[in-house]
Every structure is written in C-alpha cells, then in structure tokens.
1. So for the pair E83, Q180, with labels modelled 7 Å out along Cα→Cβ, what separation do we get in nm?
2. If packing is taken as the mean number of other Cβ atoms within 10 Å per residue, what is the order of 169-180, 119-130, highest first?
3. Quick check on region 43-184: take the gyration tensor over C-alpha atoms, sort the square-rooted eigenvalues as a ≥ b ≥ c, and tell me if it's rounded (a/c under 1.5), prolate or oblate.
4. Pulled fully out, how much extra length does the chain show between L64 and R133, if you take 0.36 nm times their separation in residues and subtract their Cα-Cα distance?
5. Compute, for region 3-157, the length of the dipole vector about the Cα centre, with Cβ point charges of +1 (Lys, Arg) and -1 (Asp, Glu) only. Units Debye, rounded to 20.
6. Figure the gain on full extension for L56 and A76 (residue separation times 0.36 nm, minus the Cα-Cα span) and round it to one decimal in nm.
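Nothing in this text is a laboratory measurement; each read-out follows from the coordinates by a stated rule. Here the structure is a predicted model, which means the values were calculated and not measured. Heads up, the Cβs are rebuilt from the backbone with ideal geometry, glycines too, and the neighbour counts pull from every protein chain shown.
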Amino acid sequence: MSRLLLHLCCGPCATYPVPHLRGLGYDVTGLWFNPNVQPEAEHAQRQASARRYAELAGLPLIVLPYETERFLAATAGHEERPERCRRCYRLRLEETARVARREGFDIFSTTLLISPYQDLLALRDIGQEAAERHGVQYYGHSMRRGYSQRGPLARQYGLYLQQYCGCAHSRAEREAQLLQSHNPRPAQRAAETLCEQSFPSREASRPDSMGDEGRRR
C-alpha cells in the first residue's frame with residue numbers, strides 16, 4: 001500500500017479527501033503546515049479543528065511550527081492575486097513534498113484540491129514541480145465533487161468553519177465583498193484597514209478541468 005502525505009488546509013476540507021484517498025488504496029497521513037493563516041489566534045483555531053478531525057478519523061497527523069514570517073517573505077511585493085496565491089501554494093506544497101521525501105512517503109497531495117475557490121491548474125503544476133524536485137509523486141486530481149459534503153460533515157464532526165481563505169489579504173477581500181453589498185464607497189478602505197491591523201509591520205479559481213479519479217504513477 002502506497003503511503004500518502006496529505007497537506008491539510010483545514011479540518012472541514014479534509015472530511016472528503018481523507019476517506020476518498022483511503023478508498024483509492026492509500027495509507028494516508030496528514031500534515032499541518034499553514035503559515036499563511038492570520039492572525040495567530042485564527043491559525044490556532046483552525047489547527048485545533050484539524051486535530052479534532054484527525055482524531056475522529058484515526059488519521060496520523062504531523063504538525064509543523066507556525067512560521068508566518070515565511071509566508072510574508074514569500075509573498076512580499078506580490079500581495080495581489082493570482083501571484084500571491086501561487087506563491088502561497090508553492091510554499092506549502094514545497095514543504096509537504098520535502099517532508100514526504102524525508103519521512104519516506106511515496107506520494108503527497110493537498111486538501112486544497114477540494115475547493116472551487118482555489119486554482120486547480122496552478123495547484124497541479126506547482127505540486128508536480130515540487131514532486132520532481134524532491135523525488136516523490138504528486139496526487140493532483142480534483143476532489144471538488146466532495147465540496148458539497150464539506151459543510152454538513154464539518155457540522156456533524158463539530159469542526160470550525162472559517163469565513164476566509166487564510167491570509168490577511170484574503171480576509172480583507174472577503175470583508176470588502178460583504179461591505180460592497182451594503183455600502184460600496186468605504187469598502188476598499190475597510191479592506192486596507194484590515195490588512196494594516198493583521199500585518200502592522202509592513203484566489204483566482206479556474207474551471208475544474210481535471211478528473212476526480214486517482215491513478216498511481
């Protein structure tokens with residue numbers, strides 16, 4: 001049985017990929033590495049949710065330290081989408097591939113592949129590049145068919161459901177969208193203020209063009 005290291009972006013997004021990948025015959029272990037999530041309290045809440053799901057699912061989980069400075073360095077000067085998101089993907093998938101190689105896994109993947117709000121083509125390409133650099137395989141197939149189950153399963157398991165992707169910029173964009181529907185004029189300034197509050201020191205989706213069924217390489 002092939003050992004697969006699955007990067008978990010959050011607890012709710014793991015609820016479909018874990019049983020799906022197990023059903024394909026993989027021995028799945030989770031990896032928590034999300035330095036993009038801001039503020040730190042939000043990161044702690046999401047990590048606790050991932051730990052809870054891992055315990056309920058009997059999923060071994062590797063938890064890496066919270067190093068948000070790595071995300072800030074990776075995206076400095078590239079705060080706009082889609083480049084910000086691509087750099088975020090690269091940071092997390094490179095680390096997952098590195099850990100997979102070090103710990104003797106055959107293949108790695110990410111729960112980001114379940115989301116219709118993430119760029120599947122970028123995730124596929126960046127993941128494959130990381131796989132080739134580290135000498136492991138990459139499962140980069142869409143798992144979006146399970147997205148509709150995410151919310152109900154998260155509530156069933158008592159998991160925290162976040163309201164924005166992760167970084168302060170995505171939080172600001174989400175808040176601006178909400179404000180725009182009520183009062184368009186101050187929306188942009190409100191978004192800038194949220195970024196300033198989260199970073200005082202200082203996701204473009206594409207059509208689902210990839211199949212859902214896995215294959216071993």
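1. My value for the distance between the label points is 2.1 nm.
2. Packing order, densest peptide first, comes out as 119-130, 169-180.
3. Oblate, because a/c is 1.5 or more while a/b does not exceed b/c.
4. 22.8 nm
5. 400
6. So the extension gain works out to 3.4 nm.
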